[in-house]
Amino acid sequence: PDVDAIHGLQSVIGIAQETTNSQNMRSTIGTLTDIYSFLRLFFARASDAYSYVNGHKMVQQSVDQIESQLLDQFASQTIIILAPLVQGRKGHYRELFAQLYKKNFSQVRINGVITPIVPQMYLDRYKIHNIELVIEKIEVSHNRRKYLKEALDQALYHGKGKLLVQAVRSGQVHYYSRFLMDPTTGISYASPSPNTFSFNSQYGACEQCKGFGQVSMRNIHALIPDKNLSVKEGAIIPLGPYKKTKVFATIESFLTMRGYSMDAPLSTLPEELIEEILYGSDANKEMGPNIVEKLAKLAGKSTKEIVEQYQTCPSCDGTRLQKQSLHFKIYDKNIAELSRMNLEDLYNWFKLLPKHLTDRQKKIGREIIKEIKRKLSILLEMGLHYLNLDRSLQTLSGGEIRRIRLATQIGTQENHLVGVMYILDEPSIGLHQRDNEKLLKALKQLRDLGNTVLVIEHDRETMLASDYIIEVGPGPGEHGGKIIAFGAPKDFLKKSSVTADYLLNKKEIALPTQRRKGNKHSIQLVGCTGHNLQKISVNLPLGKLIVITGVSGSGKSTLVNQTLLPILKRKINYSVVQPLPYEKVSGTEHIDKVIEIDQAPIGRTSRSNPATYTGIFTLIRNFFVQLPQSKIRGYKPGRFSFNVKGGSCHQCKGAGVQTIEMDFLPSMHVSCETCRGRRYNRETLEVHYKGKSIADILEMTVDKALSFFEHHPQIARKIETLADVGLAYITLGQLATTLSGGEAQRVKLATELSKKSTGKTLYILDEPTTGLHFQDIAKLLDIINKLADKGNTVIIIEHNLDVIKIADHIIDLGPEAGEGGGHIVAEGTPEEVAHVAGSYTGHFLAKEIGIMLNK
């Protein structure tokens with residue numbers, strides 16, 4: 001850090017704002033928290049094995065135990081001791097018999113029949129065979145014990161730890177093994193290790209799905225959701241209604257040759273013909289792949305995404321594990337059953353478990369159980385009782401992932417760190433007010449244990465609950481960087497600062513004087529059952545600002561992002577993205593555009609920045625082409641693009657940095673020595689406007705660039721939208737990878753603001769207040785209100801009361817999270833929701849509105 005000195009620094013644990021990479025299908029809550037690792041260890045050391053054929057408990061015997069059992073079971077009887085060599089495999093086994101003959105073995109048992117070994121012996125190679133080597137025919141008695149032991153040792157050696165005994169009198173066969181074995185069927189398991197229960201290991205992963213829990217299948221429904229339509233009417237989603245294109249011409253020709261029309265509903269066509277249209281056939285290989293590739297291009301997807309979808313693996317039923325792995329149990333539960341319990345039930349199961357363990361299992365599991373309970377208790381304190389270890393991170397909200405990451409680091413009184421400084425960057429993001437109370441309780445526990453907790457926050461309750469507040473400002477970017485006020489909350493509130501004014505309600509985001517009436521149209525979504533949604537039906541009035549609320553995990557993202565949004569994308573944009581289950585939808589004809597403004601990065605490389613994303617840079621490059629120096633030199637717009645050869649630096653290819661590969665460390669990125677990080681070559685940088693090169697302009701803040709281009713309305717208007725959403729402090733060329741989720745979302749919002757709306761656009765925003773101060777929220781709401789005032793519909797998923805209270809219509813989900821959620825608890829205006837007794841949102845909203853009305 002660029003500091004002169006730091007004194008009194010403690011050991012630090014930093015918990016950043018970024019969420020864990022949830023794109024990995026193998027990442028689960030169990031793997032992220034390491035609880036699953038402890039479970040694997042526990043099952044490897046303390047579980048009992050059961051046969052997957054008959055459920056009998058498996059046994060494992062030493063050679064002495066086998067000998068003792070034979071002496072008891074077959075006293076004075078003659079037995080044949082056999083070593084299994086081949087079990088249920090095809091082949092002629094000519095080489096095997098030749099080797100046995102050379103070693104002077106005389107007999108084998110082939111498919112239950114004892115047969116002499118002779119030269120040139122072989123079997124039918126296309127039939128399945130069981131082959132056992134005859135080791136000894138012996139009478140079982142104590143005075144022949146020495147010979148019995150030798151025969152058993154030899155059989156276990158050749159049978160690789162397994163042997164068979166056939167009683168001569170009865171002909172019955174009995175199985176024995178140094179490994180785990182079902183004595184009735186002879187099924188044997190290898191001794192378990194932690195990898196036996198890992199879906200990321202070849203020793204534990206289901207062979208069919210390779211540990212993913214899902215397998216891909218052809219995705220016809222994604223392409224053709226309604227077979228009652230014809231191709232001409234838009235039955236094939238990515239194509240939409242009939243247009244004069246090569247794709248349609250190909251399909252039309254194909255159907256005509258087989259006696260069908262483009263006007264025929266697909267339900268009247270044979271299934272195999274539809275398959276052939278999409279995927280081709282042996283008789284028509286060119287048709288299918290060509291169509292699918294074209295559809296993929298239209299949908300902006302890979303060919304694999306177009307033709308395949310995932311379904312639960314039929315082999316492991318989504319458990320991800322091999323059959324054998326699922327038949328190791330502790331107190332009648334396998335590891336998959338424990339992983340599917342909600343965390344509260346799992347914690348209670350482990351609390352009762354010691355009563356049901358043997359002394360050996362108690363000794364093995366004492367510390368493991370203690371650690372699992374410790375980790376689970378922290379997750380429960382974070383209000384995550386409704387989740388389970390098997391839950392994929394891909395299905396979690398941002399707030400849930402942050403709380404899980406926090407839970408993995410903070411510890412409890414049973415096992416804690418002392419004298420540590422915890423630095424948390426906006427931990428309240430994604431949390432409902434009720435859940436935020438649980439978070440504050442956990443942070444105070446950390447403090448009370450003797451740690452320092454340093455929190456970067458904009459949340460009112462967190463600030464007021466703190467012991468000390470430091471405000472940095474007064475403005476953003478180059479206008480900030482100073483300590484404005486500090487002290488305990490009661491002292492801080494006496495200081496002159498913007499934050500103190502908002503905390504004291506001297507400044508506030510006012511309630512609207514009246515709520516919008518809307519345009520009398522609505523979208524009606526009926527029978528939503530995705531994830532935890534309880535077959536709910538939702539009415540979304542159009543032309544209004546709608547806020548979706550509810551405790552974390554109540555089903556908000558499921559309803560909006562995974563059900564409503566894909567439905568609209570399919571209806572309007574002909575997308576192949578499939579929504580979660582629902583019964584029917586109506587009213588979508590009143591929307592002509594749907595815009596999703598989420599917090600995903602605007603780019604993942606150094607070549608993306610706010611100027612390129614919003615289109616500002618295109619206007620600036622076109623402007624530079626018109627300058628006299630450019631005209632004299634014949635420069636085109638590409639000359640001023642750092643992504644195009646000619647104008648960009650030849651050394652770094654316009655990246656501005658060069659990568660140095662390190663053998664055992666992460667690669668280092670250093671500023672390019674040739675252009676010194678400016679991306680362009682010398683000739684390009686010689687073109688100036690008001691003394692500034694194209695690189696100088698990229699280094700300007702939005703605020704400065706607005707003044708710089710004030711006499712160029714088209715450019716200034718675009719830049720102004722960035723300032724309007726509270727981004728005046730970022731630079732035009734700031735790397736996309738350095739923007740926070742909230743900043744990326746506001747760049748997207750600014751991009752949409754600069755476009756002309758039709759008045760029938762539906763905007764969807766997911767927690768747009770992330771990372772915003774009260775003052776920035778006020779600016780953001782001005783923008784959102786402008787969108788709604790033009791007749792557009794804005795749907796916001798939000799926990800912030802400043803946003804909720806200005807809504808025209810609220811839909812509150814809950815009442816709890818997970819299985820306890822998925823219901824509509826309340827809906828209507830903020831005033832109406834505030835009066836619903838069973839709504840947690842209503843409870844906090846009543847306080848907020850009451851304070852404002854009674855001031």
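The values are calculated or read from the model by the stated rules, or taken from the named source; none is laboratory data. Just so we're clear, the structure is a prediction, and the values are computed from it rather than from any experiment. Heads up, the Cβs are rebuilt from the backbone with ideal geometry, glycines too, and the neighbour counts pull from every protein chain shown. For the accessible areas, the whole protein counts, side chains as well, though only heavy atoms, and no ligand, DNA or RNA atoms are used. Shrake-Rupley method; radii C 1.70, N 1.55, O 1.52, S 1.80 Å.
What the table below lists for this structure:
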{"read-out": "Protection-proxy order for peptides 611-619, 659-667, 577-585, 75-83, each taking the mean of Cβ atoms within 10 Å per residue, highest first", "value": "611-619, 75-83, 577-585, 659-667"}
{"read-out": "Net length gained if the chain between S106 and R366 were fully extended (0.36 nm per residue, minus Cα distance)", "value": "88.3 nm"}
{"read-out": "The stretch 209-280 - Rg (one decimal) and Dmax (whole number), Cα, Å", "value": "13.9, 46"}
{"read-out": "Between the stretch 786-855 and the stretch 98-164, the alpha-carbon center distance in angstrom", "value": "78 Å"}
{"read-out": "In Å, descending, principal axis extents of the Cα set of the stretch 36-88", "value": "51, 29, 21"}
{"read-out": "Crossing angle, helix 840-853 versus the chain [Cα axis fit, 0-90 degrees, rounded to tens]", "value": "10 degrees"}
{"read-out": "Largest-first principal axis extents, alpha carbons of the stretch 2-96, Å", "value": "90, 37, 30"}
{"read-out": "Normalised contact order of the chain, rounded percent, pairs of Cα under 8 Å and 6 or more residues apart", "value": "11 percent"}
{"read-out": "Per-peptide average of other Cβ atoms within 10 Å, ordering 711-718, 380-387, 135-142 highest first", "value": "380-387, 135-142, 711-718"}
{"read-out": "Full-extension gain in nm, H92 to Q69, via 0.36 nm per residue minus C-alpha separation", "value": "4.7 nm"}
{"read-out": "Point-to-point label distance, E337-T115, nm (Cα→Cβ direction, 7 Å offset)", "value": "4.4 nm"}
{"read-out": "For A264, net neighbour charge (Lys/Arg +1, Asp/Glu -1) across residues whose Cβ lies under 12 Å away", "value": "0"}
{"read-out": "Between 0 and 90°, nearest 10: helix 433-448 axis offset from the chain longest Cα axis", "value": "80 degrees"}
{"read-out": "Linear extension gain, E461 paired with E272, 0.36 nm per residue minus alpha-carbon span", "value": "61.9 nm"}
{"read-out": "Order by protection proxy (mean Cβ within 10 Å, highest first), peptides 809-822, 826-839", "value": "809-822, 826-839"}
{"read-out": "Unsatisfied cross-links (Cα-Cα over 28 Å) in the set K232/K790; K535/K571; K246/K756; K556/K779", "value": "K232/K790; K246/K756"}
{"read-out": "FRET efficiency, S377 to Q208 (Cβ-Cβ, R0 25 Å, nearest 0.05)", "value": "0.10"}
{"read-out": "Low-density loop positions, trypsin sites (Lys or Arg not before Pro), the stretch 627-712 - DSSP coil, at most 16 other Cβ in 10 Å", "value": "K645, K653, R676, K690"}
{"read-out": "Virtual spin-label span in nm between K847 and K507, 7 Å along Cα→Cβ", "value": "2.3 nm"}
{"read-out": "Sum of -39500 (n - 2.57) over DSSP H runs of 4+, divided by residues of the chain (222 nm, nearest 500)", "value": "-9500 deg cm²/dmol"}
{"read-out": "Rg in Å to one decimal, and Dmax rounded to a whole Å, for the stretch 437-493 via C-alpha atoms", "value": "12.8, 38"}
{"read-out": "At R0 = 25 Å, FRET efficiency that the Cβ-Cβ distance of K137 and S191 yields, to 0.05", "value": "0.20"}
{"read-out": "Fraction of beta bridges assigned by DSSP in the chain that are antiparallel (%, nearest 5)", "value": "70 percent"}
{"read-out": "Table column - 3J(HN,Hα) (Hz), the stretch 183-193, Karplus curve with 6.51, -1.76, 1.60, x for Gly and Pro", "value": "x, 7, 9, x, 5, 10, 10, 5, 4, x, 9"}
{"read-out": "Cβ-based net charge around E150, under 11 Å, with every Lys or Arg adding one and every Asp or Glu removing one", "value": "+1"}
{"read-out": "Inter-probe distance in nm under a simple model that places probes 7 Å from Cα toward Cβ, at S757 and K692", "value": "3.0 nm"}
{"read-out": "Computed Rg/Rh of the stretch 550-616, alpha carbon atoms with Kirkwood Rh", "value": "1.07"}
{"read-out": "Accessible area per residue in Å² at 1.4 Å probe, computed on the chain", "value": "49 Å²"}
{"read-out": "Residues F179 and E478, FRET efficiency given R0 of 60 Å [Cβ-Cβ distance, rounded to 0.05]", "value": "0.30"}
{"read-out": "Cut-off 13 Å, label 7 Å out along Cα→Cβ of Y126, residues of the stretch 84-113 by amide N", "value": "91"}
{"read-out": "In degrees, nearest ten, helix 246-257 long axis to first principal axis of the chain (Cα)", "value": "50 degrees"}
{"read-out": "Extent along principal axes [Cα atoms of the stretch 684-840; Å; largest to smallest]", "value": "67, 31, 24"}
{"read-out": "Charge-dipole axis of the chain as Lys and Arg at +1 and Asp and Glu at -1 on Cβ define it, positive-most pick from S740, Q77, Q10", "value": "Q77"}
{"read-out": "Equivalent ellipsoid semi-axes - Cα gyration tensor, the chain, angstrom", "value": "61, 37, 30"}
